[in-house]
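Notes follow once the structure below has been shown.
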Amino acid sequence: MSQTTIHTTALSLGPGQPPLSAVLREEVAQFLFTHLEEYGDDLPDIQACLDYAAERGGAVFTAREEGRLLGASITNRTGMSGFIPENILVYIAVHGDSRGKGVGKGLMEAITGHLSGSIALHVEPHNPARALYERYGFTNKYLEMRLTR
Ligand SMILES: CC(C)(COP(=O)(O)OP(=O)(O)OC[C@H]1O[C@@H](n2cnc3c(N)ncnc32)[C@H](O)[C@@H]1OP(=O)(O)O)[C@@H](O)C(=O)NCCC(=O)NCCS
């Protein structure tokens with residue numbers, strides 16, 4: 001049986017970094033829109049998250065096998081530290097056909113290895129992704145509350 005390798009890459013974005021290509025922006029946004037499933041957002045929100053990263057700071061992480069996108073994540077830099085974590089892991093998803101094979105772990109290793117400073121994220125209490133985050137040291141000391149408007 002032939003074995004293929006999954007390549008995980010980190011791309012820093014923001015001031016002083018090369019611009020995010022329109023092709024990658026579209027590919028990552030569409031991928032996340034499709035594979036986040038019930039944990040996702042509308043496409044314009046995912047595009048806005050990429051645009052924030054490109055303009056103000058953040059990163060895009062991709063996992064590919066022979067060029068095919070199997071997983072992606074977007075992080076944003078908050079511009080703050082100490083009282084607020086430096087980074088927010090906004091989206092992470094693995095292709096629906098490729099889950100449970102370590103692609104998510106590869107992305108988390110890239111994310112925790114590449115970013116400097118603390119990382120915040122939110123996850124629904126019953127989402128299996130919670131086990132993945134806990135494996136990488138994420139804890140939930142706080143209850144997130146929002147005034148949505
Ligand atoms: C969460 C997600 C990114 C994990 O990716 P993945 O490639 O399937 O994860 P991995 O194969 O690398 O598994 C990593 C760890 O996550 C946990 N995990 C992942 N999926 C799980 C599941 N369905 N049930 C229980 N644990 C799970 C396990 O602890 C696993 O570690 P182990 O192999 O030592 O048991 C993927 O399931 C996904 O895209 N889900 C839909 C989108 C989503 O929920 N995103 C997060 C929103 S907060």
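So here's what we get for this one:
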item: In the range 18-40, residue nearest to ALA120 (Cα to Cα) [restricted to those that are open to solvent by 40 Å² or more (accessible area, probe 1.4 Å) and in contact with a helix residue (DSSP H, G or I) (Cβ under 8 Å, 6 or more places away or on another chain)]; result: TYR39
item: Filtered residue count, the range 32-79, keeping only those that are part of a helix (DSSP H, G or I), farther than 24 Å from SER116 by Cβ and charged (D, E, K, R); result: 3
item: Residue within the range 92-108 that is modelled with pLDDT of 95 or more, farther than 15 Å from LEU32 by Cα and aliphatic (A, V, I, L, M) present; result: yes
item: Count - residues of the range 123-144 that are open to solvent by 90 Å² or more (accessible area, probe 1.4 Å) and either near the ligand (Cβ under 7 Å from one of its atoms) or in contact (Cβ under 8 Å) with a residue 60 or more places away in the chain (or both); result: 2
item: Within the range 71-90, tally of residues that are open to solvent by less than 10 Å² (accessible area, probe 1.4 Å) and either of a type in the set (Lys, Arg) or modelled with pLDDT under 95 (or both); result: 0
item: Options ARG68, ARG64: the member that is open to solvent by 70 Å² or more (accessible area, probe 1.4 Å) and closer than 21 Å to VAL103 by Cα; result: ARG68
item: Test: MET80 is among the hydrophobic types (A, V, I, L, M, F, W, C) and over 14 Å from the mean Cα position of the chain (by Cα); result: yes
item: Members of the range 77-101 that are without any contact (Cβ under 8 Å) to a residue 60 or more places away in the chain and within 11 Å of the ligand (Cβ to nearest atom); result: LEU89, VAL90, TYR91, ILE92, VAL94, ASP97, SER98, ARG99, GLY100, LYS101
item: So GLY113, is it outside any loop (DSSP other than H, G, I, E, B), open to solvent by 10 Å² or more (accessible area, probe 1.4 Å) and at pLDDT 95 or above; result: yes
item: Number of positions in the range 41-59 that are away from the ligand (no atom under 15 Å from the Cβ) and either open to solvent by less than 70 Å² (accessible area, probe 1.4 Å) or within 14 Å of the chain's Cα centre (by Cα) (or both); result: 11
item: Selection from the range 17-40 of residues that are within 11 Å of the ligand (Cβ to nearest atom) and of a type in the set (Gly, Ala, Ser); result: GLY40
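The values are calculated or read from the model by the stated rules, or taken from the named source; none is laboratory data. Just so it is clear, the model here is predicted, and its values are computed rather than measured. Positions of Cβ are generated from backbone atoms using ideal geometry, with glycine treated the same way; all protein chains shown enter the neighbour counts. These accessible areas exclude ligands, DNA and RNA; they are computed on the full protein's heavy atoms, side chains included. Shrake-Rupley method; radii C 1.70, N 1.55, O 1.52, S 1.80 Å.
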